[in-house]
Amino acid sequence: QWYQRRVVITAGRPVDNKAEEIGTPVLTNYISNNQFTEIWQIYGDWINLVTRVSIDKPYIEVEWVVGPLPSDHGREVILRYQTSLSTNHKFYTDSNGREMLQRRLNKLQEDEVTEPVSGNYYPVTTRAVLLDEQTGMQLTVLTDRAQGGASLAEGQVELMVHRRTLEDDNRGVDEALDDELVVKGRHWLYYSRFDSMKENRVLGQEMFYKPTVAIGIDENPEQPSQSYSDSAVENEYINVATIINVDYSGDVFTYLMRLENIIPKMEGGEPITVDLGRVFKGKTLVEFEEKGLAGDRPIENVVDDMSKYTMYDEGNMITLQPLQIRTFFTTYKPSSGETGVADRIKKVICTYFLEC
């Protein structure tokens, strides 16, 4: 359900914490076939909502478009989900997409509750979770971007999706958050048992790391290139967090490659082994060097005990412990056909963008 809070800045903070229900949709449309069911709802001039259930997806997708917000007064727009779960005034948020942290209502204001709303808001980078410890069931709300979230009542979670203020809040920016911005986003609602966090993590990766559109030369649209190999690791819990082509000399490609084991040990995470020699199809691994997390210094300058750090590695096979991230500079020799394409791309870049 949609709600809004009126924002009036006094002494540098909002003074009205009451959330008003935005109301019922003025237009509703229903679409259903053998693949999915959608409910389209329009709330006035500045909120559109689509709720989608697909037969091949384990979650409910909520897609929203909000804005531009009216300028009659400042307001915060929230999307609130109410459940029958018994949460004991607790919910959980992720810590920058990694560990889950418990958040208890008014925990930071036990002596005196002076901020009943803002004092209970927390950053939600990828997910917020409502957990019923009695039944062992949970609702996970997966987000496509960082948002503020709170659980202000039993079995309830809300996420702020838009905000407009007409006055500066005296927090250093020295300007009001006053614009005609329209925002579009998605939430995935995943109802499951509490011991299904591995599947939860995989869905979070699918939501947060959306496909990237790439531009190629002389590609057949019906047969797109398959650069990455699925034989490097037979495990869906490995995340290729970063692959950046940092150098092409004409003979070899050099990449900055960052790999992550996405499952914490407390959620059943186990060591995962990756074969760096089989990450790319058609490329032969020439050499690799591990760096610190930022990729700016050798790993030997970061880790004290290298023998213990690499005790599970063997040749091109490297092992990532639960929730571990490792960064490598890897050099590959490309196939002859790929070398030609790379030379042509380099020629275009040098002609129009850089002096090579």
Check: What full-extension length gain, to one decimal in nm, is calculated for residue 180 and residue 65 as 0.36 nm per residue of separation minus the Cα-Cα distance?
Finding: 40.1 nm
Check: Stokes-Einstein at 20 °C, 1.002 mPa s, Kirkwood radius from Cα pairs: D for region 87-204 in µm² s⁻¹?
Finding: 137 µm²/s
Item checked: Computed over region 58-172: relative contact order in percent, which uses C-alpha pairs under 8 Å that are six or more apart -> 35 percent
Check: How much length is gained on full extension from residue 95 to residue 273, taking 0.36 nm per residue of separation minus their Cα-Cα distance?
Finding: 61.6 nm
Checklist line | Cβ-derived FRET efficiency at R0 35 Å, residue 34 paired with residue 153, nearest 0.05 | finding: 0.40
Check: What net charge do the residues around residue 326 carry, taking every other residue with its C-beta under 12 Å from that of residue 326, with Lys and Arg at +1 and Asp and Glu at -1?
Finding: -2
Next item on the list: Loop only per DSSP, at most 14 neighbouring Cβ atoms within 10 Å: give me the trypsin sites (Lys or Arg not before Pro) in region 154-215, ordered by residue number.
Entry: 171
Item checked: Virtual spin-label span in nm between residue 134 and residue 54, 7 Å along Cα→Cβ -> 3.6 nm
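Report the local net charge at residue 1: Lys and Arg +1, Asp and Glu -1, summed over other residues whose C-beta lies under 10 Å from its C-beta.
Here the count lands on -1.
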Next item on the list: Enumerate the residues in region 88-107 having an amide nitrogen under 11 Å from the point lying 7 Å beyond the Cα of residue 323 toward its Cβ.
Entry: 95-101
Notebook entry, point to check: Given the pairs 308/333; 184/281; 18/107; 18/198; 57/184, which are separated by over 27 angstrom at their Cα positions?
Noted result: 308/333; 184/281; 18/198
Item checked: Spin-label proximity, residue 284 to region 306-331 - amide N less than 12 Å from point 7 Å beyond Cα toward beta carbon -> none
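Just so you know, all these numbers are worked out from the coordinates, no wet-lab data involved. Because the structure is a prediction, the values reported are computed rather than measured. Neighbour counts run over all protein chains shown; Cβ positions are idealised from the backbone, glycine included.
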